[in-house]
């Protein structure tokens, strides 16, 4: 293979990216070396098994991916603003919408949510760590290496260009002969391992690691939503694993699952992809629902309305989410009976979602609302999400879907649910739990600027797309003619997109600004909140709780505070040594080997993939023979730490 | 992770917090494995008959070999259960004996399966022949790969058992690997039914 | 942890394993007989052998794997039952959807 086939060449945009990637790397290496931080980075972060640090790393990675996916989005908007634009060529445009979709769903939305779950859930249930701290690190590092593998396709070998759904035959060997599609398959496969492990880990954590006094029906709503999400992950991700593996076999080893010849069935790919893909939608929306529940309840200063109805509707969603997948390809023509069945299940699943909307509204009713930035995101979510949801029910009608399918109407719909659901929640959760993670709040004034600009931009960008779709504009076209009459709405959409970009940049600036100027927290409870994570001091000690807290009902921390006001201070008990797991370098090394194996398979360099897989197995064997039992935090150290922290 | 009161009758593998958590976690993992294999089964069943002009299963499947594989694996699942039985009676010798038998039967199963695969390939039915055979080799091959992994994994645990004897840690590992081994037999029951019986009766 | 005690203080002869093994062999042979020696229709044969396979799987789970023995047995049983629901949805759903309304599946 020649070097100019290995590196992507010929496009000034990509040369620019090459330079900026190189400069960033050199800059990072220089800073780490100059300030002698390599050892610190390794011992404190790269080998950590602490759920709070892993959560922070997930979120940092997700924000980086949001940046990359956002740049992709703006490039698309730039191309589509005016008719017959030649800013991007067709293939480049295909690559960009493919990486935009894949990155936003797999490498931005999920890690952002999983990051917040990592930080918050163990604290909410009064646990000192997750059930399997080592696996948690493996989860993070396989996700990270999978994401990196996918991302380097951009400069080495070429990006995938068959859409984030990778339908065959387009994604097959004949029509996508390059290595781009292999990057998609292997990057998602490696990241998927991490997601499945997260699912198992947090399911067991939530079920078995709660403080003994917390009953299932007293868990905070975010914990409940995470539990249901983990159930969906556990049963949906193996389907993706298989689907990706089958396409990998088709492309690398000549099997005939999805080919056009020798009996292959291209539409079987769509079927398998969406058996995973639809539950995936709920994987990224349920934790968002949980966060909004916490935030709305906190800032309405009321306990959540209809707790049980919330829980049961999520349980129903978990079951139904596996029975609606065909609505993504009604137009395949599976027949009237099939389409009717899936049309009905799809409309059914809107019911529990509607129940939740009313619960939030009733929580707000007669609440003494504080309009913090986190609350603003949550309030904006409700009407915007309803728009997305209602248009979703329109799409659910199979007969009507033949009109909407693959138009901008669909694009508008899923951006309305995914952005106003998931992305708003990520921002809301970030503002809300930021003081728990970094010991200072994000600036509220900048936060509100960022909020208003982003929300205005979002509606300006995507609302016109409904009408573009109804006017017949198909998704994934790289340009259109002046006679189509789509220009004015496209200009509007691009303007909105730019506003969203500005909103995001203000958020990033806010992170820097608050780091410099925001006052440090003096209490662990900046929002006068209700659940147990806020009962931990600032900063949170690495063992989380010196004494395990007691949960006496819903909003356990609120009850503790009420009791304190009535003078019932909890008696001071002596500390006991706390058992904690040891840090380990195995997860990151194992994941590097996964990366090597994946990279080898992308280029069909089998020596390299075998080498990588041997490395993976070797690290597993090392782990199997490792009988490290962790360590105990001594009473002296706990006393020392508790004195330093403020409560 | 604090040690909890337990009765001396509690099996060793359940005596530590880690033991209880890991066993539960492995059950959850088996739930995920069910989803994984059911996707492979769904794929296989959809591709039945799509031989693209190549040979079909009714021409190649032979009852004798399949039965030998089935009974080897079924018996290995039984002997694996015996190993756990002896483990709970604190007989290290019994554990070694019956796990040894289990591994031997597992290797026998693998041998017959590899022979079967090679035979099919000789007869002109390989992964690349048609969609049907792609489905067959990947479904049955994934199971075979699991068996291979299982043999390697259990062998490693035997070494640890030799080094450390029966402790809460080693018994936990033996027990979890036994769950895995039984599960592979469960999967085989369905392969026997949905692939071989279906293919031969059709 | 009362259930654990039962499984540990059992007699020194592994009766439950032996019975499970015997039942598995019987069920396998029964499936063979139904498949090759009975004169049921193809459809009936497949229904019967699938039911036999499910019974045999249940025997493995209960008698060999002791799914009900730990203090998390409800979670374990719930997980497996939910997995069975998912498996049914995936297998039956995929076959139905990919038959494109033509019910020539022989099933």
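The values are calculated or read from the model by the stated rules, or taken from the named source; none is laboratory data. None of the values given here were measured: they were computed from a predicted structure. Cβ placement follows ideal geometry from the backbone for every residue including glycine, while neighbour counts extend to all protein chains displayed.
Right, residue A:55: more than 22 Å from residue A:196 (Cα to Cα) and buried (at least 22 other Cβ atoms within 10 Å of the Cβ) or not? Break it down into steps so the answer makes sense when it comes.
Working: more than 22 Å from residue A:196 (Cα to Cα): no; buried (at least 22 other Cβ atoms within 10 Å of the Cβ): yes.
No.
Within segment B:171-185, does at least one residue satisfy the condition of being more than 9 Å from every other protein chain (Cβ to nearest Cβ) and under 20 Å from residue B:65 (Cβ atoms)?
yes
Considering B:73, B:21, which residue is assigned to a helix (DSSP H, G or I), closer than 30 Å to residue B:167 by Cβ and more than 8 Å from chain A (Cβ to nearest Cβ)?
The conditions single out B:73.
Listed residues A:344, A:285, A:295; which is free of Cβ contacts under 8 Å to residues at least 12 places away in the same chain and assigned to a helix (DSSP H, G or I)?
A:344
Would a scan of segment A:155-166 turn up a residue that is out of contact with any strand residue (DSSP E or B) (no Cβ under 6 Å at 6 or more places or on another chain) and either assigned to a helix (DSSP H, G or I) or within 14 Å of chain B (Cβ to nearest Cβ) (or both)?
no
When only residues in segment A:246-262 that are assigned to a loop (DSSP other than H, G, I, E, B) and within 10 Å of chain B (Cβ to nearest Cβ) count, which is surrounded by the fewest Cβ atoms within 10 Å (Cβ to Cβ)?
Taking the candidates together, the pick is A:261.
To keep it simple, each residue is scored yes or no on (1) part of a helix (DSSP H, G or I); (2) within 13 Å of chain A (Cβ to nearest Cβ); (3) under 18 Å from the mean Cα position of the chain (by Cα).
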{"residue": "C:19", "(1), (2), (3)": "yes, no, yes"}
{"residue": "C:30", "(1), (2), (3)": "yes, no, yes"}
{"residue": "C:40", "(1), (2), (3)": "no, no, no"}
{"residue": "C:52", "(1), (2), (3)": "yes, no, yes"}
{"residue": "C:67", "(1), (2), (3)": "no, no, yes"}
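Does segment A:617-634 include one or more residues that are more than 14 Å from every other protein chain (Cβ to nearest Cβ) and not in a loop (DSSP other than H, G, I, E, B)?
no
Just checking, which of A:214, A:265, A:291 is more than 10 Å from chain B (Cβ to nearest Cβ) and more than 17 Å from the chain's Cα centre (by Cα)? Steps first, please.
Numbers: A:265 fails: more than 10 Å from chain B (Cβ to nearest Cβ); A:291 fails: more than 17 Å from the chain's Cα centre (by Cα).
Within the list A:214, A:265, A:291, the selection yields A:214.
Under the condition of being more than 8 Å from chain B (Cβ to nearest Cβ) and free of Cβ contacts under 8 Å to residues at least 24 places away in the same chain, which residue from segment C:69-78 is surrounded by the fewest Cβ atoms within 10 Å (Cβ to Cβ)?
C:74
Among C:61, C:29, C:81, which is modelled with pLDDT of 90 or more and surrounded by 15 or more Cβ atoms within 10 Å (Cβ to Cβ)?
One residue alone meets the criteria, C:61.
Being surrounded by fewer than 23 Cβ atoms within 10 Å (Cβ to Cβ) and at pLDDT 95 or above: is that true of residue A:277 here?
So residue A:277 passes the test.
Okay, residues lined up against (1) modelled with pLDDT of 95 or more; (2) surrounded by fewer than 24 Cβ atoms within 10 Å (Cβ to Cβ):
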{"residue": "A:154", "(1), (2)": "no, yes"}
{"residue": "A:157", "(1), (2)": "no, yes"}
{"residue": "A:167", "(1), (2)": "yes, yes"}
{"residue": "A:178", "(1), (2)": "no, yes"}
{"residue": "A:186", "(1), (2)": "yes, no"}
{"residue": "A:189", "(1), (2)": "yes, yes"}
{"residue": "A:194", "(1), (2)": "yes, no"}
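Quick one: in segment A:132-141, of everything that is within 14 Å of another protein chain (Cβ to nearest Cβ) and over 16 Å from residue A:628 (Cα atoms), which residue is nearest to the chain's Cα centre (by Cα)? Before the answer, list the steps.
Just the residues of segment A:132-141 that are within 14 Å of another protein chain (Cβ to nearest Cβ), to begin with: A:132-136, A:138-139.
Among the residues that remain, those that are also over 16 Å from residue A:628 (Cα atoms) are: A:136, A:138-139.
Values: A:136: 16, A:138: 17, A:139: 13 Å.
Filtering first and then ranking leaves A:139.
Any idea how many residues of segment A:436-458 are crowded, with 20+ Cβ neighbours inside 10 Å and closer than 30 Å to residue A:406 by Cβ?
Residues meeting the conditions: 4.
Can you tell me which condition residue A:436 does not meet? The list is (1) in contact with a strand residue (DSSP E or B) (Cβ under 9 Å, 6 or more places away or on another chain); (2) not in a helix (DSSP H, G or I), and all the others hold.
Residue A:436 satisfies all of (1) in contact with a strand residue (DSSP E or B) (Cβ under 9 Å, 6 or more places away or on another chain); (2) not in a helix (DSSP H, G or I) except (2).
Could you check segment A:232-245 and list, in sequence order, the residues that are facing another protein chain (nearest Cβ under 8 Å) and surrounded by fewer than 24 Cβ atoms within 10 Å (Cβ to Cβ)?
To start, the set of residues in segment A:232-245 that are facing another protein chain (nearest Cβ under 8 Å) comprises A:234-239, A:241-243, A:245.
Scanning segment A:232-245 gives A:241, A:245.
Would you point out which residue out of A:38, A:45 is modelled with pLDDT of 90 or more, within 24 Å of the chain's Cα centre (by Cα) and under 22 Å from residue A:144 (Cα atoms)? If you could, list the steps in order and put the result at the bottom.
Numbers: A:38 fails: within 24 Å of the chain's Cα centre (by Cα).
Just one listed residue meets the conditions, A:45.
Within segment A:80-96, is even one residue closer than 19 Å to residue A:286 by Cα, surrounded by 17 or more Cβ atoms within 10 Å (Cβ to Cβ) and in contact with a helix residue (DSSP H, G or I) (Cβ under 9 Å, 6 or more places away or on another chain)?
No; the residues of segment A:80-96 include none that is closer than 19 Å to residue A:286 by Cα, surrounded by 17 or more Cβ atoms within 10 Å (Cβ to Cβ) and in contact with a helix residue (DSSP H, G or I) (Cβ under 9 Å, 6 or more places away or on another chain).
Output the residues belonging to segment A:462-476 that are under 21 Å from residue A:92 (Cα atoms) and surrounded by 15 or more Cβ atoms within 10 Å (Cβ to Cβ).
Answer for segment A:462-476, where residues must be under 21 Å from residue A:92 (Cα atoms) and surrounded by 15 or more Cβ atoms within 10 Å (Cβ to Cβ): A:473, A:475.
When you check residue B:133 against the structure, is it more than 19 Å from residue B:65 (Cβ to Cβ) and at pLDDT 95 or above, yes or no?
no
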